[in-house]
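Working notes, structure below.
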Amino acid sequence: MNNPLPRLPEFEYIRLETIEKAAQFLKDHPGEAAPYLGGTDLFVGLRDRRKQPKYLVDLKHLEGLNSLTFDPAKGLTIGARVTLNQLIDHRDVQKNYPILCQAAKQVGGYQLRNRATLCGNICNASPCGDTIGPSMVYQGSVNIFGPDGTRSLPLEDFFLGPGKVALVDGEIVHSITLPLPPEGSQGMYLCHGRNKLSDLAIAAVSVLAYPDLTSASGFRFRIALSAVAPTVVIVEEAQVLLSENPIEPSHFEKAAHIARQSCKPIDDIRSSAEYRRELVYTLTSRALNQVWDSLQSV
Amino acid sequence: MKKSQKILALIGTNIPRVDIQEKMTGEALFTDDIQFGVKLLYARIKRSPHAHALIKSIDTSRAEKLPGVRAVVTGADFSGRIGLYLKDRHIIARNRVRYIGEPVAGVAAVSEAVAEKALDLIQVEYEPLPALFLPQDAIKPDAPLIHPDLGEYEVVNFIFPKPGTNISNHFKIRKGDMKNAWKNCAAIVENEYYIPHIQHVPLETHVAVAKVDLSGKITLWTSSQSPFAQRDLIAKTWGMSPADIKVISPYVGGGFGCKAGVTMEALPVLLAMKVKGCPVKLRLTREEEFYTNFVRQALLIRLKMGCDAEGNILAMENTMYWDGGASTEYGVNITRAGGYSSTGPYDIPNVKTDSYCVYTNNTIGGPYRGFGMSELHTGIEQCVDELANKIKMDKVAFRMRNVVESGDILATGMVMHPTGIKACIEKVAEAIEWGKPSEPSAPHKKRGKGIALMWKAPAMPPNPGSSATLKFNSDGTVFLSIGGQEIGQGAFTVAAQIAAAGLGVPMDWIRISKPLDTDYSSYEWQTVASRITWTMGNAILDAAKDARKQIFKIVAKAWKENKKDLEIKDGIVYSTNTDKKISLKDFVITGIPKKKDQGWIGGPIIGRGKFMPTYVTGLDKDTGQGKRAVVHYTTGAQGFIVEVDTLTGKLEIIKAVSAFDVGKAINPDLVKAQIEGGMVQGISSALFEQLVFKEGVLQNPNFVDYRIATTMDLPDKMESYYIEVPQDDGPFGARGIGEHPMVPTIAAIANAINDAVGIRLEGPPFTAEKLFMAIKAQNKSVD
Amino acid sequence: MKMHTINFTINGRKESLKVSSNLTLLHMIRENLALTGTKNGCEAGECGACTVLLNGEPVNSCMVLAVECDRAEIMTVEGLTENGELARLQESFKNLNAVQCGFCTPGMLITAYELLQRNPHPTPSEIKEALVGNLCRCTGYERIIQAVEQASGE
Ligand SMILES: Cc1cc2nc3c(=O)[nH]c(=O)nc-3n(C[C@H](O)[C@H](O)[C@H](O)COP(=O)(O)OP(=O)(O)OC[C@H]3O[C@@H](n4cnc5c(N)ncnc54)[C@H](O)[C@@H]3O)c2cc1C
Ligand code: FES
Ligand code: FES
């Protein structure tokens, strides 16, 4: 049995003036230095010795990382150090990215979200990370700063496995960009935990749908499943089903069936795999029906 | 004014808590808040990774050499055993470890970090032994023995271990004629339930600081429900005089039973003996709190109940296997309590009970709010529901017919005292509109109602004592010295209320002497068993009586009046005969001058009081029969309306109602606060809580995966009521209410679930997953 | 380990300390400053007993490093009372007996205090959501929620 330390182990706190220096430091200390934002994942890992970095490289003061900007043409850019509460409180986010707000509110308690960041949630790459699914149905991408320059990566290519992301030593996620959601989109995040709020998700579904005249149904759907596979599952087949055929209520059940089949859940302390599958079915069907209702009522 | 009127002003009144101001400003002192200066050393404990193993060797030499390390202890440092009812536990494992988390070595160092480093340098070699994780397995004749020396352990005379087995107590009741009883039954129900381990989860984890001075005297600062029991137990363990041990206990950040007796507190004592003069602090991390401290024992309960065609319960066979864990030093008495209360609050003529305390290689079981009663009632109250179902009788009517009443002969032979349980049932049934269906909020949701009753007696040795001292100051204020602890339940407030009412002084004249300090506080056995208001209250009243006697003697002498004509009100002594008055301030320290400067009458007033039940008798080892098994029973009922989402299994509590007979509510708002808090803890245990062990390894030793109720998980509506059928020997008629509010909760919710979806789960927690899976299986079998 | 010098304000008082990298704000408050009103219930961000205001925002002080508090403004439960006078929120906790053992109380008060600053008239469900990160094992929460509601009235 792993017995966590009574307090944080020894490490050096590193605060450098520029992102260039921070990236260089990370590159110079491979495996020994960890980028540090809210620390809400990091500290837990430090105490139970899963993570043993010698250096925590603070990013919170770095220029540009605290910006949260919405451009009606390009969409939303969320600096790495923007906290979940800042995100939740932001008018443009509430209006244009409601699923993200719903999901962010599920993370821990209020005081935790004053530290926890979207970037941290994404970089931590936990299968049950609440904000990952919604960021993916908004087709977000991460903007990465590295010693060799910057690059952008769609979230779909960012996650390699639980806790594993496509970053190399010295790379820092600088911000996350969510493009403008399609005109007339509706969406919802449904998650199921043991308590009503603040628990880690046992299973969660993000659905985004919008009118699109180029599709047979006149709509397109994006469906993401969380906590039911090593990484978030995008349910392609169901998305296609709902776009390429005229909408019928029974299709939502069918799509939910497909979702159930596309996930690869595990048994763990929070739930059995079997129950997770069942939840995926129920939550997907509920989310699709509710999103469909709101699409109709607009 | 008449005496009764005067008392009314304070008793039955919502006096604000006396501890609330300091608890809201951050001033209230808890053990970890005490400042010890630079001499303070920090302890950390090396713990067993094996559930059952022999210790082949321990090498501490490298740890001892680490700079900053001041002391290292192992089992070799102390051979004695500790235990409240059965001495079966080593403070640090010797030769053998019996559960994962058992201490095998301890380090005191200049910081927690150094101590932690030292732990990594201690090498322990083990030889694993076969381990037992289920009581069913541990009672098998060929099961390996967890305590081969059980026969040699010291044990109190009401606990019956069976050497050569893993059974550390077997409590029996044999009453009536079982054979014929079953024959006369029109319906019989047989069921088995399993109630898993849970934890107390006080917000403050265990913390203790020990210091041993050069002469060997021990001072121990602890977060404790029972400083005196700790003192006496430690004294006994080390063969010391209790006078050479001083236990100081400030406010306790939640107890619920886990801070009764001695658990981790002996560890810093052992370390402090090696570094005389230095205080040594041990604070458990939350994770350690979960996996190394006492837990609520799991229970496997097999019940058989039968009734006649009219619905009279004729017989009950109750077999309980308590998973006592690796030590049952305290737990044995829980299994006894489960035994003598094993009928629940029902009048049953024929009873066969076997309550077994079984050693396993799980974490040690100990007292938990309810002392076995939540677990027991989870079984009984579901079984009663099933029995009523079987003879198609209304479940409330069935209970009203069978419930205990004044004068009933209980299963142990004791005669039942007056109790208001019927009024509690009526209150609860009315509040949840029993018999009237409640409309679900959506087509895929189903609603149900459930009710459950309870009783509980203070479970303790036959003669636990209480005492109180009232010491006046020159302005009439009074220091009330008690040994009962304020663990959140409001003990200090109620104590002050009783003292003020008993003396006839204003409430704000009473000051509780705190922190509790065994050198100065008046003796109290333990703050457990919901006994404090009752027993300590009696001791305080006795002390007030003693003080009044002294006061009246002085005043009567000075005024040349009859003592019987004197009264005290609002701190003023007056004569009902003449118009004379004198304030207590004027003489409680200095006395009253005799006329014409001819000397003085009186002197400082100190009231001394005590209380101890003297009437509890032993019970026959083979039949469980005796004249009076317990002091009294607090009874009550709870009702729930629940709604189940059949598509996810999620359960919503629409309404939760409690009613308990408290004898007399000294402070009604505090009674209600106990009921609410207890009910929510009960709900939490019913819906979320379970310590999940895999081969003895706890899988959820943190709040991430051991979920407890949050603000969001409350019932939509909660109501609490109390009934007052006075206790003949209670202060103003009061009985305890600390533990009871969570006793019927699991069963009441289980019954409501059954009413909603027709499902009975083997046991709590009634998670969405379990409910969903059961509904799914049910639908399949219907198809 | 390197020591870092930090200057900050706590409960209106200026302080300067030398701290190591791994010292959390919680330990700094409780140990270096002996402001023991702030409680340690888990050291994992789960229980909320350690909640303090950092630059006006409630945070789990067990999840913040002391070194980051250079030039910060910190408020702990000790800062709620002014000249020994209870704040209105504390008064309503008192009226409703919203305290039992008192271990969760400092964190509860701080979280609720900030909620009322941000949202002077919260609904019961807003109160519940805001306090979900503050565990209490004794009270069953009901009175705490009512107390916050009462304090928001008038
Ligand atoms: C009590 C508690 C409850 C929680 N509840 C939830 C919950 O309900 N749902 C949920 O999804 N999560 C939950 N979490 C997890 C955590 O709070 C979130 O994942 C949070 O969003 C992490 O953000 P952070 O800023 O604290 O990340 P940090 O801990 O600072 O970092 C997380 C990881 O990402 C790395 N990292 C940080 N920044 C960067 C960067 N810019 N570039 C590259 N790598 C980087 C870090 O090295 C670290 O490995 C909970 C945590 C706690 C302690
Ligand atoms: S101690 Fe910080 S949240 Fe529990
Ligand atoms: S009052 Fe004890 S934890 Fe809240």
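For residue A:55, what accessible surface area do you get with a 1.4 Å probe? Give it in Å², rounded to 10.
Looks like 50 Å² after rounding.
Determine the alpha carbon to alpha carbon distance for each of B:564/B:596; B:471/B:514; B:390/B:456; B:445/B:770; B:179/B:627; A:164/B:117 and list only those over 19 Å. Could you put the intermediate results ahead of the total?
Values: B:564/B:596 26 Å; B:471/B:514 14 Å; B:390/B:456 27 Å; B:445/B:770 16 Å; B:179/B:627 25 Å; A:164/B:117 30 Å.
As for pairs spanning more than 19 Å Cα to Cα, those are B:564/B:596; B:390/B:456; B:179/B:627; A:164/B:117.
For peptide C:23-35, compute the average count of partner chain beta-carbon atoms within 10 Å of each residue's beta-carbon.
Numbers: counts 3, 4, 0, 1, 2, 0, 0, 2, 1, 0, 0, 2, 2.
Across the residues of C:23-35, the mean count of other-chain Cβ atoms within 10 Å is 1.
Taking the Cα centre of chain C as origin and charging only Cβ (+1 Lys, Arg; -1 Asp, Glu), how large is the dipole, in debye to the nearest 20? Don't skip to the end; give the middle numbers.
Numbers: 13 positive and 18 negative charges, 74 e Å.
For chain C, the charge dipole is close to 360 debye.
Identify, among B:180, B:224, B:253, the residue whose Cα sits farthest towards the positive end of the charge dipole of the stretch B:171-254, taking +1 on the Cβ of Lys and Arg and -1 on the Cβ of Asp and Glu, with the dipole about the Cα centre.
B:180
Leaving out ligands, DNA and RNA, calculate the buried accessible area for the pair A and C with a 1.4 Å probe, summed over both sides, in Å² to the nearest 100.
Details: alone 14440 and 8330 Å², together 20430 Å².
Chain pair A/C: roughly 2300 Å² of buried accessible area.
Computing the accessible area with a 1.4 Å probe over protein heavy atoms, can you report the carbon and sulfur percentage for chain B? Spell out each step's value before the answer.
Details: 13210 of 25980 Å².
Carbon plus sulfur share of accessible area: 51 percent.
What does the accessible area per residue of the stretch A:12-58 come to in Å², with a 1.4 Å probe and no ligands, DNA or RNA counted?
Values: 2170 Å² over 47 residues.
For the stretch A:12-58, the per-residue accessible area is 46 Å².
Which one of A:81, A:276, A:15 has the biggest mean-square fluctuation once chain A is modelled by GNM with Cα springs under 10 Å?
With Cα springs under 10 Å in chain A, the top fluctuation among A:81, A:276, A:15 is at A:15.
When DSSP beta bridges are limited to those with both residues in the stretch A:19-129, what percentage is antiparallel, rounded to the nearest 5? All intermediate terms of the calculation are to be shown ahead of the outcome.
Working: 5 of 9 bridges.
Counting DSSP beta bridges with both partners in the stretch A:19-129, the antiparallel share is about 55 percent.
Taking the alpha-carbon centroid of each part, what is the distance from the stretch B:710-774 to the stretch B:143-218 in angstrom?
About 24 Å separates the Cα centre of the stretch B:710-774 from the one of the stretch B:143-218.
What quantity of accessible surface, computed with a 1.4 Å probe and excluding non-protein components, is buried in total between chains C and B, in Å² to the nearest 100? Please report the intermediate quantities before stating the final value.
Details: alone 8330 and 29240 Å², together 33630 Å².
Looking at C and B, the buried total is near 3900 Å².
Hey, what's the Cα Rg ratio for the stretch C:88-151 versus the globular rule of thumb, 2.2 N^0.38 Å? Show your work: numbers first, answer last.
On the way: Rg = 10.2 Å, N = 64, 2.2 N^0.38 = 10.7 Å.
Taking N as the residue count of the stretch C:88-151, the ratio is 0.95.
Rounded to the nearest 5, what % of DSSP beta bridges with both residues in the stretch B:417-569 are antiparallel? Intermediate values should be presented prior to the final figure.
Details: 6 of 9 bridges.
Restricted to the stretch B:417-569, the bridges split so that about 65 percent are antiparallel.
Can you give me the solvent accessible area of residue C:75 with a 1.4 Å probe, rounded to the nearest 10 Å²?
40
For peptide A:6-17, compute the average count of partner chain beta-carbon atoms within 10 Å of each residue's beta-carbon. Provide the component values of the computation, followed by the final result.
Details: counts 13, 13, 10, 4, 6, 5, 6, 12, 2, 4, 0, 0.
Counting Cβ atoms of other protein chains within 10 Å of each residue's Cβ and averaging gives 6.
Can you bin every Cα-Cα distance in the stretch B:19-90 into 5 Å intervals starting at zero and give me the percent of pairs per bin, rounded to whole numbers?
3, 9, 13, 15, 14, 14, 12, 10, 6, 3, 1
Among C:76, C:36, C:111, which one shows the highest mean-square fluctuation when chain C is modelled as a Gaussian network with alpha-carbon springs under 10 Å?
C:36
Roughly how tilted is helix C:142-152, in degrees to the nearest 10 and between 0 and 90, from the longest Cα axis of chain C?
90
About its Cα centre, what dipole magnitude does chain A give when the only charges are +1 on Lys and Arg Cβ and -1 on Asp and Glu Cβ, stated in debye to the nearest 20? Spell out each step's value before the answer.
Values: 30 positive and 32 negative charges, 162 e Å.
Here chain A has a charge dipole of around 780 debye.
How large is the dipole of the protein assembly as shown about the Cα centre if only Lys and Arg carry +1 and Asp and Glu carry -1, each at its Cβ, rounded to the nearest 20 debye? Numbers along the way, then the final one.
On the way: 136 positive and 136 negative charges, 772 e Å.
Charge dipole, the protein assembly as shown, about its Cα centre: 3700 debye, nearest 20.
What is the sum of charges around residue B:101, taking Lys and Arg as +1, Asp and Glu as -1, for the other residues whose C-beta is under 15 Å from the C-beta of residue B:101?
On the way: positive: B:44, B:46, B:47, B:89, B:96, B:98, B:286, B:694; negative: B:102, B:287, B:288, B:289, B:695.
In short, +3.
Which shape class, rounded, prolate or oblate, goes with chain B when its Cα gyration tensor gives a ≥ b ≥ c as root eigenvalues, a/c under 1.5 marks rounded, and past that a/b bigger than b/c marks prolate? Don't skip to the answer; put the middle values down first.
Working: a/c = 1.78, a/b = 1.13, b/c = 1.58.
Oblate shape, in that a/c is at least 1.5 and b/c is the bigger or equal ratio.
Just the accessible area for residue C:9, please: 1.4 Å probe, Å², rounded to the nearest 10?
30
Please build a GNM for chain A, connecting alpha carbons under 10 Å apart, and tell me which residue among A:147, A:249, A:230 fluctuates the most.
Per the Cα network of chain A with a 10 Å cutoff, A:249 tops the list.
Could you rank the peptides B:595-603, B:555-563 by their average count of other C-beta atoms within 10 Å per residue, with the highest value first?
Values: B:595-603: 10.9, B:555-563: 15.8.
Highest mean packing first, the order is B:555-563, B:595-603.
Using only helices, what value at 222 nm comes out for the protein assembly as shown when you add -39,500 (n - 2.57) per DSSP H run of length 4 or more and divide by the total residues, to the nearest 500 deg cm²/dmol?
Numbers: 34 runs with 343 residues, N = 1235.
Calculated mean residue ellipticity at 222 nm is -8000 deg cm²/dmol.
Could you give the distance between the Cα centres of the stretch A:140-210 and the stretch A:78-119, to the whole Å?
If you average the Cα positions of each part, the centres end up 13 Å apart.
Using every pair of alpha-carbon atoms in the protein assembly as shown, split the distances into 20 Å bins beginning at 0 and state the percent of pairs per bin, rounded to integers.
Values per bin, smallest distances first: 11, 38, 37, 13, 2, 0.
As I understand it, the dipole of the protein assembly as shown uses +1 on the Cβ of Lys and Arg and -1 on the Cβ of Asp and Glu, about the Cα centre. Which of C:38, C:12, B:526 lies farthest toward its positive end?
So the residue we want is B:526.
Sequence neighbours fewer than 8 away in the same chain don't count; with that in mind, list the lysines whose C-alpha is under 17 Å from residue B:87.
Within the straight-line limit of under 17 Å, residue B:87 reaches these lysines: B:162, B:236.
Could you tell me which of B:43, B:495, B:240 has its Cα farthest along the dipole of the protein assembly as shown towards the positive end, charges placed at Cβ (Lys, Arg +1; Asp, Glu -1), taken about the Cα centre?
Farthest towards the positive end: B:240.
Place a point 7 Å from Cα of residue B:594 in the direction of its Cβ. Which residues in the stretch B:543-585 have their backbone N less than 16 Å from it?
Within reach of a label on residue B:594: B:554-561.
The values are calculated or read from the model by the stated rules, or taken from the named source; none is laboratory data. Note that this is a predicted model, so its numbers are computed, not measured. Every residue, glycine among them, receives a Cβ derived from its backbone with ideal geometry; neighbour counts consider all protein chains shown. Note: accessible area is taken over every heavy atom of the protein model, side chains too, but ligands, DNA and RNA are not part of it. Shrake-Rupley method; radii C 1.70, N 1.55, O 1.52, S 1.80 Å.
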